[in-house]
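Working notes, beginning with the structure itself.
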Amino acid sequence: MEFFDVVLRQRACRSFTDQPVDESLIAQCLEAAIHAPSAENLQPWVFVVVREAERRDAIHQLNKKAWDEGVQAYAQSRYSPKFLKDITEGMEGGMRNAPVIFIVCGESPNGVDPTLLGSIYPAVQNLLLAASALGLGSAVTTLATMFDKELRELLALPDGVSPIAMVPMGWPARPLGAPRRRPLSERAHRDQFGAPW
């Protein structure tokens, strides 16, 4: 696909088939991710690619626990019923079927790095875009990271490597349309806030 076709069609996928994803496609996505920009070119990203069924299920249980223990109640006050239903179905089972889960971590030996998130999320975006370009579905979530200790143990993460985001990936269970976006005229300003683009 052409670049703008990919960018303008990339959207969250929360329902996957059980068809496996070939390792060569995973490698292409990782290659795209590591070509993201990073502060001081430190490239602090660490990717744990989880394909093992039991480990994927354990990650799903952490997501579901976060959803059930407060995130769902918060979401109910913010999302439309249709959007909430889509997310709930993803939490209940759709994302559980993703054959691959990328846990995107940040490496910061001193534990405090204000630039870390600004370096990790461009890599996450490249991962999402690469998946779309290959016809794969993906999404980004941070729910499981609410249980940092459990996730660290599950993935055997060393000190200095922190889980930041999770990207389930696989073949979409249904066609993905273009994402809904507010018009650019509502989100961009010329020279100063309030001057229409």
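The values are calculated or read from the model by the stated rules, or taken from the named source; none is laboratory data. Bear in mind that the values here come from a model prediction, so they are computed numbers and not experimental data. Neighbour counts are summed over all protein chains in view; Cβ atoms, including those assigned to glycine, are modelled from backbone coordinates with ideal geometry.
One table, with the values for the structure above:
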read-out	value
Segment 138-159, residues that are within 20 Å of Leu30 (Cβ to Cβ), in a loop (DSSP other than H, G, I, E, B) and over 15 Å from the mean Cα position of the chain (by Cα)	Ala156, Leu157, Pro158
Only listed residue being more than 15 Å from Leu128 (Cβ to Cβ), touching a helix residue (DSSP H, G or I) at 6+ places or on another chain (Cβ under 8 Å) and surrounded by 13 or more Cβ atoms within 10 Å (Cβ to Cβ), chosen from Ala58, Ala98, Ala33	Ala58
Index of the failed condition, Ile103 passing every other in (1) over 21 Å from Leu25 (Cβ atoms); (2) aliphatic (A, V, I, L, M); (3) touching a Pro at 6+ places or on another chain (Cβ under 9 Å)	(1)
Condition broken by Thr88, with the remaining ones in (1) within 30 Å of Ser24 (Cβ to Cβ); (2) modelled with pLDDT under 95 satisfied	(1)
Conditions (1) within 24 Å of Ile26 (Cβ to Cβ); (2) among the hydrophobic types (A, V, I, L, M, F, W, C); (3) assigned to a loop (DSSP other than H, G, I, E, B): number failed by Ala178	(1)
Residue in segment 133-172 that is nearest to Phe4 (Cα to Cα), counting only those that are in contact with an Asp or Glu (Cβ under 9 Å, 6 or more places away or on another chain) and small (Gly, Ala, Ser)	Ala133
Out of Val21, Val48, sole residue that is touching a helix residue (DSSP H, G or I) at 6+ places or on another chain (Cβ under 8 Å), touching a residue at least 60 places away in the same chain (Cβ under 8 Å), outside any helix (DSSP H, G or I) and among the β-branched types (Val, Ile, Thr)	Val48
Odd one out for Gly135 among (1) of a type outside the set (A, V, I, L, M, F, W, C); (2) within 17 Å of the chain's Cα centre (by Cα); (3) at positive phi; (4) not in a loop (DSSP other than H, G, I, E, B)	(4)
Residue, nearest to Ser15 (Cα to Cα), within segment 67-89, restricted to residues that are aliphatic (A, V, I, L, M) and either free of Cβ contacts under 8 Å to residues at least 60 places away in the same chain or not in a helix (DSSP H, G or I) (or both)	Leu84
Among the residues listed as Ser162, Ser119, the single one being part of a strand (DSSP E or B), among the polar types (S, T, N, Q) and surrounded by 10 or more Cβ atoms within 10 Å (Cβ to Cβ)	Ser162
Residue list for segment 121-148, restricted to those being closer than 23 Å to Lys65 by Cβ and either in contact with a helix residue (DSSP H, G or I) (Cβ under 8 Å, 6 or more places away or on another chain) or modelled with pLDDT of 95 or more (or both)	Val124, Ser138, Ala139, Val140, Thr141, Leu143, Ala144, Thr145, Met146, Phe147
